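Contents: one structure, followed by commentary.
The values are calculated or read from the model by the stated rules, or taken from the named source; none is laboratory data. The structure displayed is predicted, hence computed values, not measured ones. Counting neighbours? That spans all protein chains shown, and the Cβs are built from the backbone with ideal geometry, glycine included. What goes into the accessible areas is simple: the full protein's heavy atoms, side chains included, and nothing from ligands, DNA or RNA. Shrake-Rupley method; radii C 1.70, N 1.55, O 1.52, S 1.80 Å.
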Amino acid sequence: MRLRNSKHAFSQLFDLLEAVVFIVAHFIIFTFLGRHLLIGDSLLLFITTGILPVLFFRSISIRTASALEAAKAVTSIPFIEAIDYAIARAFVEFLSFTMAFIGFFALIATFDLSRYAVPYNPIALVQFIILISFFAFGIGLINSFLIFLFPLWKFIWGMFSRVQIFFSAVFFIPEYMPPQVKNILAYNPIMHLVGLFRTAFYPTYPTHMLSLTYVFGWTCAVMILGLALERTLRNHRAHGH
């Protein structure tokens, strides 16, 4: 158990370092290429507010799925189910990411790199945290079932979740894209979550494409389906089939 906890801690640290390196690397690349600001006063903050939701979603969904997959050691404890372990793992991941990025935003504000580093709209921030946490957890539950049926799905999802960053309005503002592109991007719930997160920092961020109703519908759907599949998987394992 101690070895497993050490692996989890190392994995979380690696994810956080990967996130920071990813942000800084893209900031350097876009600065070198002379990328102009789309909004605000800092390219670093713009990239961070786009990448953070995608990495947060990726991390929570993967940790939830892997927790259910590796929960055999804790399910022997009375009154502890695999989903309890998944919730705990997702919560720890949530705290790790939250604390790390609070520090990251604090550094941006401390060094006066942007006057938008401190959220001006706490309501949008709370909405974002609730929606993306439940959405990512629901996707994680679904993935755990798919991995059980098709183990290769773990690798496929890992690759897909990395590519997701290029289709979620991380490096651009979707409202400024051509209509044909906007119509396709609008189906991606992560794009809406990125937009919601950015509205917490930028007072003038365009919100014509942002739909909380759409994201809420997706969140409810994946949570209901995820819980149903988790129960199915739990019954399957309990009967030893």
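Determine the relative contact order of the chain: mean sequence separation of Cα pairs under 8 Å and six or more apart, normalised by residue count, in whole percent.
Relative CO of the chain lands at 25 percent.
Sort 82-92, 107-117 by the packing proxy (mean of other Cβ within 10 Å over each peptide's residues), most packed first. Write down the numbers at each step before the final one.
On the way: 82-92: 18.4, 107-117: 15.1.
In descending order of packing, they fall as 82-92, 107-117.
In whole angstrom, and with the biggest value first, how far do the Cα coordinates of the stretch 155-241 range along each principal axis?
Per principal axis, max minus min of the Cα coordinates gives 55, 26, 25 Å.
What value does the stretch 101-169 have for Rg/Rh, both radii from Cα atoms and Rh as Kirkwood defines it?
That ratio is 1.14, to two decimals.
Taking the chain as the reference, fit the longest principal axis to its C-alpha atoms, fit the long axis of helix 2-32 to the helix C-alpha atoms, and give the angle between the two in degrees, 0 to 90, nearest 10.
20
How long are the semi-axes of the equivalent ellipsoid of the stretch 30-171, taking √(5λ) for every eigenvalue λ of the Cα gyration tensor, in whole Å from largest down?
33, 18, 11
Quick check for you: with a 1.4 Å probe and neighbouring chains kept, what is the accessible area per residue of the stretch 86-159, in Å²? Don't jump to the answer; show the numbers that get you there.
Values: 4040 Å² over 74 residues.
Roughly 55 Å² per residue, with all protein chains present.
Starting from the coordinates of the alpha-carbon atoms of the chain, obtain the Kirkwood hydrodynamic radius over all distinct pairs and give the value in Å to one decimal.
Details: mean 1/r = 0.0528 Å⁻¹.
The answer is 18.9 Å.
Quick check: the angle from helix 212-238's long axis to the longest principal axis of the chain, C-alpha only, nearest 10 degrees?
Compared with the principal axis, the helix lies near 20 degrees.
On the first, second and third principal axes, largest extent first, how far apart are the outermost C-alpha atoms of the stretch 27-69 in Å?
Projected onto its principal axes, the Cα set of the stretch 27-69 covers 45, 19, 10 Å.
Which semi-axes, in whole Å and largest first, does the equivalent ellipsoid of the stretch 139-183 have when worked out from the alpha carbon gyration tensor as the square roots of 5 times its eigenvalues?
30, 10, 8
With n ≥ 4 as the cut-off for DSSP H runs, can you work out [θ] at 222 nm for the chain, using -39500 (n - 2.57) per run divided by the number of residues, rounded to the nearest 500?
It lands at -24500 deg cm²/dmol.
In sequence order, what are the phi-derived ³J(HN,Hα) couplings for the stretch 178-186 according to the Karplus relation 6.51 cos²θ - 1.76 cosθ + 1.60 with θ = phi - 60°, rounded to whole Hz, with x for glycine and proline?
With the stated coefficients, the stretch 178-186 comes to x, x, 4, 6, 4, 5, 6, 5, 4 Hz.
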